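These notes are about the structure you will find just below.
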Amino acid sequence: MKRTVVIRTDSAIAEIQRELHGHFLEHLGTATYDGIWVGRNSPVPGIDGLRRDAVAALKELSVPVLRWPGGCFADNYHWRDGVGPAQHRPRTVNHTWGGMIEDNGFGTHEFIRLCSLIGAKPYLAGNVGSGSPAELRDWVEYCNYPLGSTLADERIANGAPIPFGVRYWGVGNESWACGGHQTAEEYAALYARFATFVPTCGDTQPYLIAVGPNSNDTDWTRRFFTTLGRGRAYAPPIHGFSMHFYSWGKKRATAYTPDAVREQLASFDDFEHAVKEQRAYLDALTPPLNRGHIDLLVDEWGTWDVSDPAEEREHGRFWQQNTIKDAVAAALGLNLFHRQADKLSMCNLAQVANVLQAPLLTSGDRCVRTPTFHTFVLMRDHRNTTAVAVDSPYSPAQDLSVSASRRERTLVVTLANPDPAESKEVTLVLAGSALAGAAPAYAMSTEPAGNAGPASELAASAARAGNAGPASALVASTAPAGARGWLIAHDDLNACNTFDHPDTITPRAVDVEVAHGTATVRMPPMSVAHMRLQL
Ligand code: AHR
């Protein structure tokens, strides 16, 4: 099937914030323990207890922001349990997720160490459900107060003389469910109390994130803000409002049928609608709540398939394989965020290892980069560029998904074909600028100085797959008349990267025909294509 879309290169939407490509880590299943943390005495090679292979992979991913410790777990977590000498930390029970013993080996210092190793901004989710405003205030002081208070000095004694400077603070999680089964009115009252006592310490001004709706529950949003705004002489501080949006599936991850794929991926159209509607609600807020702009975040999103009990026994709660469908789902999500870059400030995929739509799967000393990982690495190219408008008559989630962004004379385009049966020949027509050809392929990094661009990771990943040719050629090549981009595809819609075959799905080179000012690429069913073009 032929598809034609128009990219309006001079019609800017907004800068694509790096935080739209964020991630999430919870004490759930084997996400934290095994997925990230193996402890200092593990045979798995580590850096101070953090698994070395996961740290390396997350550096490739260039995780911009990482949310922790939950999720539902956040409302059961008491930060003091996780600081101080490991041998003195209490053994608690993870009552949220299965009653496992939690030795608190991975606490605040270990999380901050992970963030600094991988270059991510930390985002801590505070305990509202079973905690207190004083507990949250003390956690902020412990992390951020420079020195001289008992809590700051305790942090220093625990090995961190420089304050952590944590800016992002979540005030609870899913307070409408596992965070306390609160009504929007009850949560608004609690939010006001908790937020009031979060201090500014040193140079770090906290950025406070309130619990937003489940999917597009506008009733929650309306009632929360109505209560927060009503009858108060002064509005409490609020900087972000975070919705959660999961794409539920009806099959086990590797047992999808074409119809089940279509049904799950179609939810990304609902997701985009929800973002627009929630943003419109925030924009319509009246004083005193609209004294400052309130950002919209999605701090949990991703595919949620039916769990396989045997796999969960082996790999932990909510473990699911990650297939070519998830590579496409990742592109549908990131493309959506780019198109709505003027409405969103942060989005965190659930979760970073071994739980739900994970970029990494670990087992013993093995760590697999999933198809989702590869989509995220390709799409790093868009970060800190300007999203531009795309005129497309097609349903993004059911037919053709596109996002385009521009930095000076380089145009970055990602396409996703979500159809499990239909190939697409996609022609990009440019309005606003002429197409000169292919950009010097993958030679330029869109990341801030110090971060390599996707080229080296892709070359490494292709080399691991025994596919050094195209990747290294692309890294080295300069603009040919016909361009080449990257393609993630597989004939089998349940194909995945396993511990025994970790590189079944990796990006490979694809031809992009550049002629008469247009660019055309052929996409198999269920595929992601990514390219740079020179204007
Ligand atoms: O990501 C798994 C769980 O999903 C989180 O703990 C919770 O916030 C959501 O319901």
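In this structure the chain gives 36 Å² per residue of accessible area when probed at 1.4 Å with all protein chains present. Distance between the 7 Å Cα→Cβ label points at R52 and D203: 3.4 nm.
Isolated cysteines in the chain, defined as those with no second cysteine Cβ under 4.7 Å, comprise C115, C143, C201, C347, C367, C496. Going through the cross-link list K121/K276; K251/K343; K2/K325; K121/K424; K251/K424, which pairs have a Cα-Cα distance over 28 Å in this structure? Long pairs (Cα-Cα over 28 Å): K251/K343; K121/K424. Note on the range 489-534 and the range 1-59: Cα centroid distance 20 Å, given to the nearest whole angstrom. In the range 223-346, Cα pairs under 8 Å separated by at least six residues give a relative contact order of 37 percent. Across the chain, the relative contact order, built from alpha-carbon pairs under 8 Å that are at least six residues apart, equals 18 percent. Between the alpha-carbon centres of the range 214-266 and the range 417-431 there is a gap of 29 Å.
Accessible surface of the chain, 1.4 Å probe: 51 percent of it comes from carbon and sulfur atoms.
Return one number: the angle in degrees, 0 to 90 and rounded to the nearest 10, between the long axis of the Cα atoms of helix 108-118 and the longest principal axis of the Cα atoms of the chain. For helix 108-118, the angle is close to 20 degrees. Computed from Cα atoms, the angle from the helix 324-339 axis to the main principal axis of the chain rounds to 80 degrees.
A 1.4 Å probe, protein heavy atoms only, puts the accessible area of K121 near 90 Å².
For D399, no residue has an amide H sitting under 5 Å from its own, ignoring neighbours fewer than 5 places away on the same chain, with H placed 1.01 Å from N. If you sort S247, S130 by accessible surface, 1.4 Å probe, largest first, the order is S130, S247. What angle do you read, to the nearest 10 degrees and between 0 and 90, between the alpha-carbon axis of helix 133-144 and the longest principal axis of the chain? It is inclined by approximately 60 degrees.
Each other residue within a Cβ distance under 13 Å of L535 adds +1 if Lys or Arg and -1 if Asp or Glu, for a net charge of +3. Label points 7 Å out from Cα along the Cβ direction at A177 and R232: separation in nm? Those two pseudo-labels are separated by 2.6 nm. The residues packed around W319, meaning those with a beta-carbon under 12 Å from its beta-carbon, carry a net charge of -3 if Lys and Arg are +1 and Asp and Glu are -1.
Placing a pseudo-label 7 Å from each Cα along the Cα-to-Cβ vector at E277 and E311 gives an inter-label distance of 3.1 nm.
The values are calculated or read from the model by the stated rules, or taken from the named source; none is laboratory data. Just so it is clear, the model here is predicted, and its values are computed rather than measured. Glycine also receives a Cβ, built like all others from the backbone with ideal geometry; neighbour counts cover every protein chain displayed. Quick note on the areas: whole protein, heavy atoms, side chains included, nothing else; ligands and nucleic acids left out. Shrake-Rupley method; radii C 1.70, N 1.55, O 1.52, S 1.80 Å.
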